[in-house]
Amino acid sequence: MSLIKYIIKRLIAIIPVLAGVLILTFFLSRMMPGDPVLGYLRGSGNLDLYQYYYHQLWLDRPIFVQFFKYISDVFSGNVIHKHALRNSLIPTTTIIGLSITELLAGTVLIEYTFGLKGIGQLLVNAIFVADYWVINALVFVISLIFVFINLTVDVLYALLDPRIKY
């Protein structure tokens, strides 16, 4: 079987799996104890606000109407964008920022271990020969990279979630 046919076969097989996930998560989440509006409002006690969100989330409509609204929102990207994507981007940005800094820190070990030419090996060689100026310069440059990665992550937080203020 060719690779293209295999990929098409796998993509077709994904459809019922995702349909099952959509159906199960929708109906099982509706059977959970608790009230999603109260959870969202965190017990503010404002009846007008409660009724507003209850209507906005379509909870005042029959379950099958809610389900079809849910399906249309999923396929248009509104569930995902409004609820999941915004909330998931903050920790994702944190992990990406940490991963980049870990990769940078790992270059010293990788370059030295495998004899690769680069900033990591240059730093190790400078340490072995006590070349203070090269050590100071490289540590400063690496620190600059770390600081700007952290600054970029912090700025991205504010851009991704307007609730974050600096």
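Coordinate-derived values only; no laboratory data. No experiment lies behind these values; they were computed from the predicted model shown. Cβ placement follows ideal geometry from the backbone for every residue including glycine, while neighbour counts extend to all protein chains displayed.
Results, tabulated for the structure shown:
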{"item": "Gyration tensor (Cα) of the range 85-160, equivalent ellipsoid semi-axes in angstrom", "result": "31, 14, 6"}
{"item": "Dipole magnitude of the range 3-76 about its Cα centre (Cβ charges: Lys, Arg +1; Asp, Glu -1), debye to nearest 20", "result": "520 debye"}
{"item": "Pairwise centroid distance, computed over Cα atoms, of the range 10-83 with the range 99-146, Å", "result": "50 Å"}
{"item": "Where trypsin sites (Lys or Arg not before Pro) in DSSP loops with at most 14 other Cβ within 10 Å are excluded, longest remaining stretch of the chain", "result": "43-116"}
{"item": "Residue among Thr93, Phe68, Leu144 farthest towards the positive dipole end of the chain, charges placed on Cβ", "result": "Phe68"}
{"item": "Relative contact order, percent, the chain [alpha-carbon distance under 8 Å, six or more residues apart]", "result": "15 percent"}
{"item": "Normalised contact order of the range 85-160, rounded percent, pairs of Cα under 8 Å and 6 or more residues apart", "result": "36 percent"}
{"item": "Dipole of the chain, positive direction: furthest Cα of Gly34, Ile23, Val79, with charges on the beta-carbon", "result": "Ile23"}
{"item": "With Cα atoms, 0 to 90° folded angle of helix 132-160 axis to the chain main axis", "result": "10 degrees"}
{"item": "Residue (of Leu104, Ile135, Ile12) at the positive-pole extreme of the chain, dipole from beta-carbon charges", "result": "Ile12"}
{"item": "Convex hull per residue volume in Å³, alpha carbons only, for the chain", "result": "215 Å³"}
{"item": "Using alpha-carbon coordinates, inclination of helix 47-56 to the longest axis of the chain, degrees", "result": "80 degrees"}
{"item": "Degrees, to the nearest 10: 3-30 long Cα axis against longest axis of the chain", "result": "60 degrees"}
{"item": "Choice from Leu22, Leu41, Leu104 showing the highest fluctuation, given a GNM over the chain with Cα pairs closer than 10 Å", "result": "Leu41"}
